[in-house]
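Below: one structure, written as structure tokens.
The values are calculated or read from the model by the stated rules, or taken from the named source; none is laboratory data. Being a predicted model, the structure only gives us computed values, none of them experimental. As a convention, Cβ positions derive from the backbone with ideal geometry for all residues, glycine included, and neighbour counts pool all protein chains shown. Areas reflect the complete protein model, heavy atoms only, side chains present, ligands, DNA and RNA absent. Shrake-Rupley method; radii C 1.70, N 1.55, O 1.52, S 1.80 Å.
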Amino acid sequence: MAVRLHESAEDYLETILILKKRSDFVRSIDIAREMGYSKPSISRAMSKLRESGYITMEESGEIELTAEGRALAERIYHRHQMLIRFFLALGVQEDVAEREACGIEHHLSDDTFDRICRHYETAMKKDGDPA
């Protein structure tokens, strides 16, 4: 059974993944800037993520996701993006869709999320959109 991370830890992992997509080199300061948090807060969070085996930190300060950390980050990122698309398809404004997807992504069961995905894909195919 997988250990349930706090929402904030999932947000940190997702942010690291997003930053890694933009640049190969990610440091704590980059995460702090992206999330709008203080460097000491990020340092504490990175320490906990490192102790939990989700990231590694090089002497240079570079942060890397472990295989487990990357898998979790990809899962959260996928949920986030899918929920945004789903909300936009419902006619929700983009900024609201983004904000609400960010909160909801952490709280949906796998079953509920899978059902949302299936519904979205069915609706998009029905409308002639390739989803």
Check off (1) on the phi > 0 side of the Ramachandran plot; (2) in a helix (DSSP H, G or I) for Gly61 and give me the number that stays unchecked.
-> (2)
Identify the residue in the stretch 65-100 that is among the acidic types (Asp, Glu) and in contact (Cβ under 8 Å) with a residue 12 or more places away in the chain and, among all such residues, is nearest to Ile116 (Cα to Cα).
-> Glu100
Consider Pro40 against the criteria (1) modelled with pLDDT of 95 or more; (2) more than 18 Å from His106 (Cβ to Cβ): it satisfies all of them except one. Which criterion is unmet?
-> (1)
Looking only at the stretch 14-23, decide whether some residue is touching a strand residue (DSSP E or B) at 6+ places or on another chain (Cβ under 8 Å), over 25 Å from Asp114 (Cβ atoms) and not in a loop (DSSP other than H, G, I, E, B).
-> yes
Count of residues meeting criterion [under 16 Å from Glu10 (Cβ atoms) and open to solvent by less than 40 Å² (accessible area, probe 1.4 Å)] in the stretch 85-102 = 1
Of the residues in the stretch 109-131, those that are part of a loop (DSSP other than H, G, I, E, B) and touching a Lys or Arg at 6+ places or on another chain (Cβ under 7 Å) come to Ala131
Subset tally (residues that are in contact with a Gly (Cβ under 7 Å, 6 or more places away or on another chain) and either polar (S, T, N, Q) or open to solvent by 80 Å² or more (accessible area, probe 1.4 Å) (or both)) for the stretch 1-27 | 1
Using the structure shown, decide if Ser47 is surrounded by fewer than 14 Cβ atoms within 10 Å (Cβ to Cβ), within 16 Å of Glu7 (Cα to Cα), without any contact (Cβ under 8 Å) to a residue 24 or more places away in the chain and among the polar types (S, T, N, Q).
-> no
Output yes when any residue across the stretch 119-127 is among the aromatic types (Phe, Trp, Tyr) and under 18 Å from the mean Cα position of the chain (by Cα), and no when none is.
-> no
Please go through the stretch 50-60 and pick out each residue that is surrounded by fewer than 13 Cβ atoms within 10 Å (Cβ to Cβ) and touching a Ser or Thr at 6+ places or on another chain (Cβ under 7 Å).
-> Gly53
